[in-house]
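The values are calculated or read from the model by the stated rules, or taken from the named source; none is laboratory data. Please read all numbers here as calculations on a predicted model, not as lab measurements. A quick note on method: Cβ atoms are made from the backbone with ideal geometry, for glycine too, and the neighbour counts reach across all protein chains shown. Quick note on the areas: whole protein, heavy atoms, side chains included, nothing else; ligands and nucleic acids left out. Shrake-Rupley method; radii C 1.70, N 1.55, O 1.52, S 1.80 Å.
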Amino acid sequence: MDTLKRLLKEECHYQLSEEIMDSFLSQFTEYELKSKTPLISCGEVNSNVYIVKEGIMRVSHMDGTKEVTLGFALPGTMLISWFSFYNCKPSYYQIDACCDSVILQLPKQTFDKFVKESHEFAQWALSMAQCQLYYDELKQSLINGNAKERYLSLLNNRPEILQKVSLGIVASYLGVTQQYLSYIRKQLTK
């Protein structure tokens, strides 16, 4: 649990006290998720709060008939379907495991109770939400340019994704076909 606490502390600027962090984490249920298993399914209401403890999760959606990978969640990342959490609506995104993973789950009611009872926790929760918005923008600034530049950025910034995630999913994330991604990889090894 020490590694997870360290990762959560690195995730945002506001530092939660050890006492409240320990109390918060003690409320989660831990379970294993096999590769390709959905955590949050598109079209279903799921208002739980999740934290990735081990593994890599993928956030995707359907764009017409094409599945598009929007991003990845690594250990220490909090995952929430905001449609479900905020407004009790079916999730727009699908979140599934890219590899065997360990996930922590907390009901929304428990999360809300922490927010209501602890000003410090409420500040931390706000900081985590702001941090997620920051990382969304950071991702856009790093993963841009042509396909080769986007691949190199992923290789330099998140090599663990390339080690554990299938080429098809990586290609979807980069906005190219799997064949073109193989071509890029081949060009870089010459």
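Along its principal axes, the stretch 29-135 has C-alpha extents of 43, 27, 25 angstrom, given from the largest down. Work from the charge dipole of the chain (Cβ charges, +1 for Lys and Arg, -1 for Asp and Glu, about the Cα centre) and give the residue of Leu39, Val165, Val49 farthest towards its positive end. Comparing the listed Cα positions along the dipole, Val165 ranks first. Taking amide H as placed 1.01 Å from N in the peptide plane, the amide H of Gly71 sits under 5 Å from that of Val59, each at least 5 places away or on another chain. For the stretch 113-190, the relative contact order comes to 16 percent (Cα pairs under 8 Å, sequence separation of at least 6).
What's the carbon and sulfur percent of the stretch 1-74's accessible surface, probe 1.4 angstrom, rounded to a whole number? Mind showing how you got there, number by number?
On the way: 1880 of 3990 Å².
Roughly 47 percent, rounded to a whole number.
Across the chain, the mean sequence separation of Cα contacts (distance under 8 Å, 6 or more residues apart), normalised by length, yields a relative contact order of 24 percent. Using a cut-off of 20 Å between Cα atoms, the listed pairs Lys36/Lys66; Lys53/Lys116; Lys139/Lys186; Lys34/Lys108 include Lys53/Lys116; Lys139/Lys186; Lys34/Lys108 as exceeding that distance. Helical content alone sets the calculated 222 nm signal of the chain at -15000 deg cm²/dmol, taking -39,500 (n - 2.57) per DSSP H segment of four or more residues and averaging over every residue. When the Debye formula is applied to the Cα atoms of the stretch 105-190, each taken as the same point scatterer, what base-10 log of I(q)/I(0) results at q = 0.13, 0.15, 0.20 Å⁻¹? At q = 0.13, 0.15, 0.20 Å⁻¹ the computed log10 ratios are -0.59, -0.68, -0.89. Once the convex hull of all Cα atoms in the stretch 76-122 is built, its volume per residue stands at 95 Å³.
For the stretch 19-99, a simple Cβ point-charge model (Lys and Arg +1, Asp and Glu -1, everything else neutral) yields a dipole of about 280 debye relative to the Cα centre.
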